[in-house]
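One structure below.
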Amino acid sequence: MREESGFRLETERLRLRPYTLGDVDDLFAIVGDPETMAYYPEPYTREGTHRWIEDNLRRYVVDGFGLWAMEMKETGVFVGDCGPAVREVDGEREVEIGWHVDRALWNRGLATEGGAACRDHCFGALGLERVISLVRPENIPSRRVAEKIGMIVERDVDWHGYRHLVYAAWRPTG
């Protein structure tokens, strides 16, 4: 399940690539925004954003994947992140697909496009049988993204002190 260091995942409009520490300012503009992070305990600080990127750089080495920087293919403009990350949920290791998009670009299908590409990558290149997304029940936009990429609610869990719906999708058979 190891990715090559030159990993790129492309869709019609997006390019997903590994983070670099040079992405801190662009990512902070998104995860430091209170409205974007309304379903998190609090927005990230610049230092927390740096740790977020370092955590994903570690995931690339340890797990072979992690959240990737997401940019517009035509312009290279940073628009958010999307990708799989290993999470512990109810004592089990799960691969979660997560996404965050610049608020100025909401409602344009970017999270759905990136999420679907990551789901397909997980089932294809990574050989996974199942992926999840952890979504707070009140986070209607992320619930819609999960549903649009073919996920269904499997159960709800207490995760990091908050109720989350576990959306799941399975590798297609046949």
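The values are calculated or read from the model by the stated rules, or taken from the named source; none is laboratory data. Keep in mind it's a predicted model, so treat the numbers as computed, not measured. Using ideal geometry, Cβ is built from the backbone for each residue, glycine included, and neighbour counts are taken over all protein chains shown.
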Just one listed residue, out of Glu129, Glu92, Glu138, Glu147, is among the acidic types (Asp, Glu), surrounded by fewer than 21 Cβ atoms within 10 Å (Cβ to Cβ) and within 23 Å of Phe7 (Cβ to Cβ), and it is Glu129
Pairs needed: first member in the stretch 143-166, under 17 Å from Cys122 (Cα atoms) and outside any strand (DSSP E or B); second member anywhere, of a type in the set (D, E, K, R) and modelled with pLDDT of 95 or more; C-beta distance under 7 Å; at least 6 residues apart or different chains. Ile149/Arg119
What's the number of the condition Val79 fails, among (1) in contact with a strand residue (DSSP E or B) (Cβ under 9 Å, 6 or more places away or on another chain); (2) assigned to a loop (DSSP other than H, G, I, E, B); (3) touching a residue at least 60 places away in the same chain (Cβ under 8 Å)? (2)
Residue tally, condition surrounded by fewer than 15 Cβ atoms within 10 Å (Cβ to Cβ) and either touching a Gly at 6+ places or on another chain (Cβ under 9 Å) or among the hydrophobic types (A, V, I, L, M, F, W, C) (or both), over the stretch 95-124: 2
Residues of the stretch 67-95 classified as under 23 Å from Pro34 (Cβ atoms) and of a type outside the set (A, V, I, L, M, F, W, C), total: 2
Just to be sure before I move on: is Leu27 part of a strand (DSSP E or B), at negative phi and surrounded by 16 or more Cβ atoms within 10 Å (Cβ to Cβ) in the structure I sent? no
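May I ask you to say which residue of Asn107, Asn56 is part of a helix (DSSP H, G or I) and either polar (S, T, N, Q) or closer than 21 Å to Arg13 by Cβ (or both)? So that I can check it myself, show each step before the final result.
Working: Asn107 fails: part of a helix (DSSP H, G or I).
Exactly one of Asn107, Asn56 is part of a helix (DSSP H, G or I) and either polar (S, T, N, Q) or closer than 21 Å to Arg13 by Cβ (or both), namely Asn56.
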What number of residues in the stretch 85-111 are of a type in the set (S, T, N, Q) and within 17 Å of Val153 (Cα to Cα)? 0
Identify the single condition in (1) of a type in the set (Asp, Glu); (2) at positive phi; (3) touching a Ser or Thr at 6+ places or on another chain (Cβ under 8 Å) that Glu113 does not satisfy, given that it satisfies every other one. (2)
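Collect the residues in the stretch 123-149 that are out of contact with any helix residue (DSSP H, G or I) (no Cβ under 6 Å at 6 or more places or on another chain), within 19 Å of Leu165 (Cβ to Cβ) and of a type outside the set (Lys, Arg), keeping them in residue-number order. Explain how you work it out, then say what you get.
To start, the set of residues in the stretch 123-149 that are out of contact with any helix residue (DSSP H, G or I) (no Cβ under 6 Å at 6 or more places or on another chain) comprises 123-127, 129-130, 132, 134, 136-144, 146-147.
Checking which are within 19 Å of Leu165 (Cβ to Cβ) leaves us with 130, 132, 134, 136-144, 146-147.
Across the stretch 123-149, the qualifying residues are Ile132, Leu134, Pro137, Glu138, Asn139, Ile140, Pro141, Ser142, Ala146, Glu147.
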